[in-house]
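J.: This structure is in structure tokens; I'll ask about it shortly.
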Amino acid sequence: MINYNGEIQQTSPALSAKNRGFLYGDGVFDLVKYVEGKLIFWEEHYLRLMATMRISRMDIPDSFTLEFLESEIQKTIQGNALSGKPVLVRTTISRKEGGGYTPQSQEVNYCMDIEGITTPFYQNLNIPYEVELFKDYYTQADLLSTLNTTNRMLHIIGSVFAKENDYQNCILMNTQKNVVSFLDGNLFLVFGNQIVTPPLSDGAPNGIIRKKLIEALGKTEDFSLEERSVSPFELQKADELFLTNTREGIQSVTKYRKKEFPNTIAVKLLGKLNTLARLG
């Protein structure tokens, strides 16, 4: 069951041919993890979603408080009888129908959907995870590239390329030919005790796990963190490569081209991330 504008429905509502998300990709979304009655890093997710709506020039209803949206998510989870299970909740917000490229209204509809998952906290799965550069198209080094919008054609084409070539993921580059992210998460490189990640100004996604990991690294003397532009030639020089996102938490890359990577540092950082998640 889904939550459509506050109403729990057995099936997804029929999509109107005039739906702006369908016609133009005129929508934004957020994915948050729910474990043991709690939304993990919910305040950060909420603030990012509101910022994304403002940047997209959508009207934010007065009712869209942190407490209201949390209660709507909880209602959706309860409606699916999953209160005792770990789940992922996606909230999608789109502008109401009308207009072409110029919307008739800045008012919005919202929809919440649930996906069950097997593990309550983050794991660095010890699986083969080979990646490659995706060079057919590039992301822009601008603010829009950092947002979670429903216009994801670059990521879809890249995912098709990865599947066709038996890669588990691909790394995106921006128009300056710097690497910025994976198809579905942020990119981190390890060089000894230094950890590097591309900056948001290069078009890297504004990931919540990225943000929390940066905060955790700022409180430890074991590692130093640098946000800077990264050349694709640095990928094979790194000691480790890993991905971060809400779904996986941290996932290590095991192979890029001819180089194979360990996951020693990523596993250590995963412990810090899970501690933050438990503390809220």
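J.: Just one of F64, F29, F41 is surrounded by 13 or more Cβ atoms within 10 Å (Cβ to Cβ), at pLDDT 95 or above and on the phi > 0 side of the Ramachandran plot; which is it? Don't jump to the end; show me each part of the working.
T.: Values: F64 fails: on the phi > 0 side of the Ramachandran plot; F29 fails: on the phi > 0 side of the Ramachandran plot.
It is F41.
J.: Sort through L235, L189 and tell me the only one that's more than 25 Å from V32 (Cβ to Cβ), aliphatic (A, V, I, L, M), part of a strand (DSSP E or B) and in contact with a Phe, Trp or Tyr (Cβ under 9 Å, 6 or more places away or on another chain). Reasoning before the result, please.
T.: Details: L235 fails: part of a strand (DSSP E or B).
Only one candidate passes the filter, namely L189.
J.: Return the residues of segment 44-61 that are surrounded by 18 or more Cβ atoms within 10 Å (Cβ to Cβ) and over 18 Å from the mean Cα position of the chain (by Cα); say none if nothing qualifies.
T.: Selection gives M58 alone.
J.: Now for a separate question. Quick one: L241 ticks every box in (1) closer than 26 Å to N174 by Cα; (2) among the aliphatic types (A, V, I, L, M); (3) part of a helix (DSSP H, G or I) bar one, so which box is it?
T.: (3)
J.: Now for a different question. With the requirement that a residue be charged (D, E, K, R), in a loop (DSSP other than H, G, I, E, B) and surrounded by fewer than 17 Cβ atoms within 10 Å (Cβ to Cβ), what does segment 75-96 give you?
T.: Hit for segment 75-96 is K85, nothing else.
J.: Right, another one. Select from segment 182-201 the residues that are touching an Asp or Glu at 6+ places or on another chain (Cβ under 9 Å) and buried (at least 17 other Cβ atoms within 10 Å of the Cβ) and list them in ascending order.
T.: Going residue by residue through segment 182-201, those that are touching an Asp or Glu at 6+ places or on another chain (Cβ under 9 Å) are 184-185, 188-201.
D184, G185, F188, L189, V190, I195, V196, T197, P198, L200 - these are the residues of segment 182-201 that are touching an Asp or Glu at 6+ places or on another chain (Cβ under 9 Å) and buried (at least 17 other Cβ atoms within 10 Å of the Cβ).
J.: Over 26 Å from G249 (Cα atoms), charged (D, E, K, R) and free of Cβ contacts under 8 Å to residues at least 24 places away in the same chain: is that true of R95 in this structure?
T.: Against the criterion (over 26 Å from G249 (Cα atoms), charged (D, E, K, R) and free of Cβ contacts under 8 Å to residues at least 24 places away in the same chain), R95 does not qualify.
J.: Inside segment 59-92, can you point out the residues that are charged (D, E, K, R), closer than 23 Å to T246 by Cβ and in contact (Cβ under 8 Å) with a residue 12 or more places away in the chain? First the steps, then the outcome.
T.: Residues of segment 59-92 that are charged (D, E, K, R), as a first pass: 59, 62, 67, 70, 72, 75, 85, 90.
Cutting the leftovers down to closer than 23 Å to T246 by Cβ gives us 67, 70, 72, 75, 85, 90.
Within segment 59-92, E70, E72, K75, K85, R90 qualify.
J.: So, in segment 247-272, exactly how many residues are closer than 16 Å to A216 by Cα and surrounded by 20 or more Cβ atoms within 10 Å (Cβ to Cβ)? Break it down into steps so the answer makes sense when it comes.
T.: From segment 247-272, those closer than 16 Å to A216 by Cα are 249-250, 265-272; that's our starting set.
Keeping just the survivors that are surrounded by 20 or more Cβ atoms within 10 Å (Cβ to Cβ) gives 249-250, 265-266, 269-270.
Residues that pass the stated criteria total 6.
J.: If you take the residues in segment 110-125 that are of a type in the set (A, V, I, L, M, F, W, C) and closer than 27 Å to M50 by Cβ, which one is surrounded by the fewest Cβ atoms within 10 Å (Cβ to Cβ)? Quick ask: steps written out before the conclusion?
T.: So the first thing to find is which residues in segment 110-125 are of a type in the set (A, V, I, L, M, F, W, C), and the list is 111-112, 114, 117, 121, 125.
Filter again for closer than 27 Å to M50 by Cβ, leaving 111-112, 114, 117, 121.
Values: C111: 20, M112: 24, I114: 19, I117: 13, F121: 16.
Of everything passing the filter in segment 110-125, I117 is surrounded by the fewest Cβ atoms within 10 Å (Cβ to Cβ).
J.: State whether one or more residues within segment 83-96 are at positive phi and not assigned by TED's automatic domain parsing to the domain that holds R247.
T.: no
J.: Report every pair of residues separated by at least 6 positions or lying on different chains whose Cβ atoms are under 9 Å apart, first residue within segment 30-50 and free of Cβ contacts under 8 Å to residues at least 24 places away in the same chain and more than 17 Å from Y110 (Cβ to Cβ), second in a helix (DSSP H, G or I) and of a type outside the set (S, T, N, Q).
T.: Sorted first by the residue in segment 30-50, then by its partner, the pairs are E43/L66.
J.: So, one more: Among the residues of segment 138-161, what is the count of those that are of a type in the set (G, A, S) and surrounded by fewer than 19 Cβ atoms within 10 Å (Cβ to Cβ)? Steps first, please.
T.: Within segment 138-161, the first condition is being of a type in the set (G, A, S), and the residues that meet it are 141, 145, 158-159.
With the extra rule that they be surrounded by fewer than 19 Cβ atoms within 10 Å (Cβ to Cβ), the set shrinks to 159.
So the answer is 1.
J.: Identify all residues within segment 12-59 that are under 25 Å from L143 (Cα atoms) and among the small types (G, A, S); write none if there are none.
T.: G21, G25, G27, A51, S56
J.: Follow-up. Is there a residue in segment 240-255 that is over 16 Å from F182 (Cα atoms) and either touching a residue at least 40 places away in the same chain (Cβ under 8 Å) or not basic (K, R) (or both)?
T.: No, segment 240-255 contains no residue that is over 16 Å from F182 (Cα atoms) and either touching a residue at least 40 places away in the same chain (Cβ under 8 Å) or not basic (K, R) (or both).
J.: Moving on to the next point. Given the conditions (1) in contact with a strand residue (DSSP E or B) (Cβ under 7 Å, 6 or more places away or on another chain); (2) within 30 Å of M53 (Cβ to Cβ), and given that L133 satisfies all but one, which numbered condition is not satisfied?
T.: Of (1) in contact with a strand residue (DSSP E or B) (Cβ under 7 Å, 6 or more places away or on another chain); (2) within 30 Å of M53 (Cβ to Cβ), only one is false for L133: (2).
J.: Out of Q123, Q106, report the one residue that is under 30 Å from P61 (Cβ atoms), polar (S, T, N, Q) and assigned to a loop (DSSP other than H, G, I, E, B).
T.: Checking each option against the conditions leaves just Q106.
The values are calculated or read from the model by the stated rules, or taken from the named source; none is laboratory data. What you see is a predicted model, and the numbers here were worked out from it, not measured in a lab. Every residue, glycine as well, gets a Cβ built from its backbone with ideal geometry; the counts of neighbours run over all protein chains shown.
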